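The structure under discussion appears below in the form of structure tokens.
The values are calculated or read from the model by the stated rules, or taken from the named source; none is laboratory data. Worth saying up front: this structure is predicted, and the values here are computed from it rather than measured. Virtual Cβ from ideal backbone geometry, glycine too; neighbours counted across all protein chains shown. Each accessible area value is taken on the protein alone, full model and side chains, heavy atoms only, with ligands, DNA and RNA left out. Shrake-Rupley method; radii C 1.70, N 1.55, O 1.52, S 1.80 Å.
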Amino acid sequence: MIPATNQRPPATILFIFGGSGDLNLRKLTPALYNLYIDDYLPEQFAVVGLGRSSYTDDSFRERLLEGVQSFSRRKNGSDDTWKDFSPSVTYLQMDAGDAGAYTKLSDFVTAKRNEWGEPLNVVFYLAVAPQLVPGIATNLGNLSLCDDKSHVRIVVEKPFGHDLKTAQELNTLLGGLFAEEQIYRIDHYLGKETVQNILALRFANSLFEPIWNRRYVEYVQITASETVGLEGRGGYYEGSGALRDMIQNHLLQVLCMVATEAPISFDANEVRNKKVDVLNAIRRIKPEEVKDVAVRGQYGPGKKDGKDIPGYREEEGVKPDSATETFAAIKLFVDNWRWEDVPFYLRTGKSLPEKATVITIQFKPAPYYAFPEEATTNWQSNRLTIGIQPAMDIRLKFQAKRPGQTLAIDPVEMVFSYKDAYEGQEPEAYETLLLDVMTGDATLFMRADQVEAAWKVVTPILEAWETETPEFPNYAPSSWGPEAAMKLVEKDGFQWMT
Ligand SMILES: NC(=O)C1=CN([C@@H]2O[C@H](COP(=O)(O)OP(=O)(O)OC[C@H]3O[C@@H](n4cnc5c(N)ncnc54)[C@H](OP(=O)(O)O)[C@@H]3O)[C@@H](O)[C@H]2O)C=CC1
Ligand SMILES: O=C1O[C@H](COP(=O)(O)O)[C@@H](O)[C@H](O)[C@H]1O
């Protein structure tokens, strides 16, 4: 976590496999740029982007500047700060499968070590599809520079593996090549301020915890909706899909934050132990139950703001009969004393009407209402909404008496907004997490058993979906997904909240 005062890490080289990809453009470089502006980066700092695409250092920097101007929380990349920052970025064209090319990385490190001296951090960031990770890790593990357990780290993006089996194999492989303290399994939702704040809301206050359980909570919903479609990421997304891309990792981690028991300290392993308990308590879905608790969808062609939008199957890198889901909604139960029989609904999708990640905790209605029936049409408002992004806020919706000589009851809200309280100064998740990697703080990263426990939750769904050909496409762009997703909650008497 970013320290209260700027403590810079030692001299660092950051190699980004997938340097030419969307993650680097959209999140990693904007995060590094903001860290630079905020004076968190070491003076001796180098980023090397790697990929098969052809770039010169200059054309690579130009491409990254477009990313900063579009996606950074500070879009002023055309001023002198970009000119100062960008010379630290270079590009190396290489196929990650070419074992012989890895000596170029060692040579680069040696040259910098000669120039900068010790200590020198070397971070290998694997921002690539999971299929490429074992090969890259093996080639890196063979470099003698990786024996330096204190200063050489490997960051592996989610999804970690393609399924439970490959995640277990990858954990074994990485464990044979690197020490555990060198391995950073990243899930950027854990770096989001609003996600970290869930534990503060629950355990730094005595107000909520007494009602945070099955006696008072009717259901929990976690929605992560995106307006974007594929954005040229066919190479990665076709092999992934919404369940692997968002639910197995980000949404299950958010669920853990909502459902966990109170940690006795904020020691990294204590918090991780408590979260693994939640994952292990999630009721295993039987194959025959999958159709009742899981819905998948894929957007077809349509219109948005009057413009034609291609369907998923028309996107570059996507098979014309692709069965990859761009939408998924599931219902889970956490079998323990706190949560027994409280449904947790998780939903995510691309090409939906809104970009919003929101948690809704719906409390049960009061046991008895003495008010006359006509006083209100809505007794359901006792609800806590946690806005993760883009709205970063907490809203408590409750009933109030409308002023006047009447007994009318209206739903009203109490709002805590980060923007108002902290003037919009929040770092992006990747700023926090990249700095953590450079300083060697693994608190917000995933442990091997957490990743495997999360795969166990989604495995029955993945297996069931593999055996059936879905009727895709089944939702229009800018809609809230397939009809069946509505039914998933409606059959329990609820609605999706957004
Ligand atoms: N995009 C996002 O917002 C987020 C993505 N992630 C994760 O980041 C990872 C990458 O996703 P994303 O950037 O979106 O995917 P992209 O498809 O945009 O990028 C994939 C990258 O892999 C590179 N690559 C593919 N094959 C090779 C190869 N043989 N040798 C060298 N490089 C190769 C590509 O470079 P080239 O074609 O030049 O070889 C490209 O840079 C995924 O694990 C994803 O889950 C996580 C959070 C957010
Ligand atoms: O990990 C991923 O996350 C992004 C969404 O991240 P957010 O911070 O903007 O919510 C998603 O677009 C991408 O498909 C996925 O790989």
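Note down the net charge around Gly235, summing +1 for each Lys or Arg and -1 for each Asp or Glu among other residues with Cβ under 10 Å from its Cβ. Provide the component values of the computation, followed by the final result.
Working: positive: Arg233; negative: Asp22, Glu238, Glu316.
Around Gly235, the surrounding residues sum to -2.
Output the relative contact order of the range 286-414, whole-number percent, from Cα pairs under 8 angstrom with separation of 6+ residues. Let's see the in-between values first.
On the way: 185 pairs, mean separation 19.4, N = 129.
Contact order relative to length: 15 percent.
Sum up the charges of everything whose Cβ sits under 12 Å from the Cβ of Tyr40, counting Lys and Arg as +1 and Asp and Glu as -1, but leave Tyr40 out.
Its environment carries a net charge of -4.
Which one, Gly234, Ile211, Ile222, projects farthest toward the positive side of the charge dipole computed for the range 200-317 from Cβ point charges (K/R +1, D/E -1)?
So the residue furthest toward the plus end is Ile211.
When only DSSP loop residues count, what GluC sites (Glu not before Pro) in the range 378-440 have their Cβ near at most 15 other Cβ atoms within 10 Å?
Numbers: sites: Glu413, Glu423, Glu428, Glu431; in loops: Glu423, Glu428.
Sparse-neighbourhood loop GluC sites (Glu not before Pro): Glu423.
Please turn the phi angles of the range 155-164 into ³J(HN,Hα) values with the Karplus equation 6.51 cos²θ - 1.76 cosθ + 1.60 (θ = phi - 60°), one per residue in order, whole Hz, x for glycine and proline.
10, 10, 6, 7, x, 7, x, 9, 6, 4
Once phi is turned into θ = phi - 60°, what whole-Hz ³J(HN,Hα) does the Karplus curve with 6.51, -1.76 and 1.60 give for every residue of the range 207-218, x standing for Gly and Pro?
6, 8, 4, x, 9, 8, 6, 5, 5, 10, 8, 7
Please go through the range 86-150 and write out the trypsin sites (Lys or Arg not before Pro) that DSSP classes as loop and that have at most 15 other C-beta atoms within 10 Å.
Values: sites: Lys104, Lys112, Arg113, Lys149; in loops: Lys149.
For trypsin sites (Lys or Arg not before Pro) across the range 86-150 that sit outside H, G, I, E and B with at most 15 neighbouring Cβ atoms in 10 Å, the list reads Lys149.
Using only Cα atoms and rounding to the nearest 10 degrees, what angle (0 to 90) does helix 193-203 make with the longest principal axis of the chain?
Once rounded, the angle reads 50 degrees.
Taking amide H positions as placed in the peptide plane 1.01 Å from N, state which residues far from Val47 in sequence (5 or more) or on other chains have amide H under 5 Å from it.
For Val47, whose amide H was placed from the backbone, the distant partners under 5 Å are Leu14, Val89, Thr90.
Would you mind working out the accessible area per residue for the chain, using a 1.4 Å probe, and quoting it in Å²?
On the way: 21830 Å² over 498 residues.
Spelled out: the 1.4 Å probe surface of the chain, per residue, equals 44 Å².
Tally the DSSP beta bridges in the chain and give the antiparallel ones as a percent, rounded to 5. Write down the numbers at each step before the final one.
On the way: 44 of 76 bridges.
The answer is about 60 percent antiparallel.
Looking at Leu444, Gln405, Leu120, which one has the Cα that reaches farthest to the positive end of the dipole of the chain (charges on Cβ: Lys, Arg +1; Asp, Glu -1)?
Gln405
Roughly how big is the range 5-74's charge dipole about its Cα centre, with Cβ charges of +1 (Lys, Arg) and -1 (Asp, Glu), in debye to the nearest 20?
Working: 8 positive and 8 negative charges, 48 e Å.
Value, rounded to 20: 220 debye.
For labels at Asn269 and Ala408 in the simple 7 Å Cα→Cβ model, what's the distance in nm?
6.0 nm
Can you list the GluC sites (Glu not before Pro) in the range 264-321 that are in a DSSP coil and have 12 or fewer other beta carbons within 10 angstrom? Don't skip to the answer; put the middle values down first.
Details: sites: Glu270, Glu288, Glu289, Glu314, Glu315, Glu316; in loops: Glu315, Glu316.
Answer in residue order: Glu316.
Report, in listed order, any pair from Lys165/Lys350; Lys158/Lys355; Lys83/Lys112 with a Cα-Cα distance greater than 23 Å.
Working: Lys165/Lys350 27 Å; Lys158/Lys355 20 Å; Lys83/Lys112 21 Å.
Over 23 Å apart, Cα to Cα: Lys165/Lys350.
When only C-alpha pairs under 8 Å and at least 6 residues apart count, what is the relative contact order of the range 276-359, in percent? It would help to have the intermediate numbers written out before the result.
Values: 97 pairs, mean separation 23.1, N = 84.
Reported as a whole number, the value is 27 percent.
Could you give the size of the charge dipole of the chain about its Cα centre, using +1 on the Cβ of each K and R and -1 on the Cβ of each D and E, expressed in debye and rounded to the nearest 20?
880 debye
Testing the spin-label approximation: label points 7 Å from Cα along Cα→Cβ at Leu145 and Asp39. State their distance in nm.
3.0 nm
With the full set of protein chains in place, find how many percent of the accessible area of the chain is carbon and sulfur; take the probe as 1.4 Å.
Working: 11190 of 21830 Å².
Answer for the chain is 51 percent, counting heavy atoms of protein chains only.
With contacts defined as alpha carbon pairs under 8 Å and 6 or more residues apart, what's the relative contact order of the chain in percent? Numbers along the way, then the final one.
Numbers: 891 pairs, mean separation 90.3, N = 498.
Over the chain, the number comes to 18 percent.
Work from the charge dipole of the range 337-401 (Cβ charges, +1 for Lys and Arg, -1 for Asp and Glu, about the Cα centre) and give the residue of Thr385, Trp339, Ala375 farthest towards its positive end.
Going by the Cα projections, it comes out as Thr385.
Would you tally the net charge around Gly349, using a Cβ to Cβ cut-off of less than 9 Å, leaving Gly349 out, and scoring K and R as +1, D and E as -1? Can you show the working numbers first?
Numbers: positive: Arg347, Lys350; negative: Glu226, Glu325.
Residues near Gly349 contribute 0 overall.
Helix-only estimate, please: 222 nm mean residue ellipticity of the chain, summing -39500 (n - 2.57) across DSSP H runs of length 4 or more and dividing by its residues, to the nearest 500.
Numbers: 15 runs with 152 residues, N = 498.
Helix-only estimate at 222 nm: -9000 deg cm²/dmol.
Mind checking the dipole of the range 18-149: about its Cα centre, +1 per Lys or Arg Cβ, -1 per Asp or Glu Cβ, Debye to the nearest 20? Could the numbers behind the result be given before it?
Numbers: 13 positive and 18 negative charges, 84 e Å.
Charge dipole of the range 18-149: 400 debye, to the nearest 20.
Just check the range 1-108 against the gyration tensor rule for me: Cα atoms, a ≥ b ≥ c as the square roots of the eigenvalues, rounded for a/c under 1.5, and otherwise prolate or oblate depending on whether a/b exceeds b/c.
Values: a/c = 2.03, a/b = 1.36, b/c = 1.49.
Verdict is oblate for the range 1-108.
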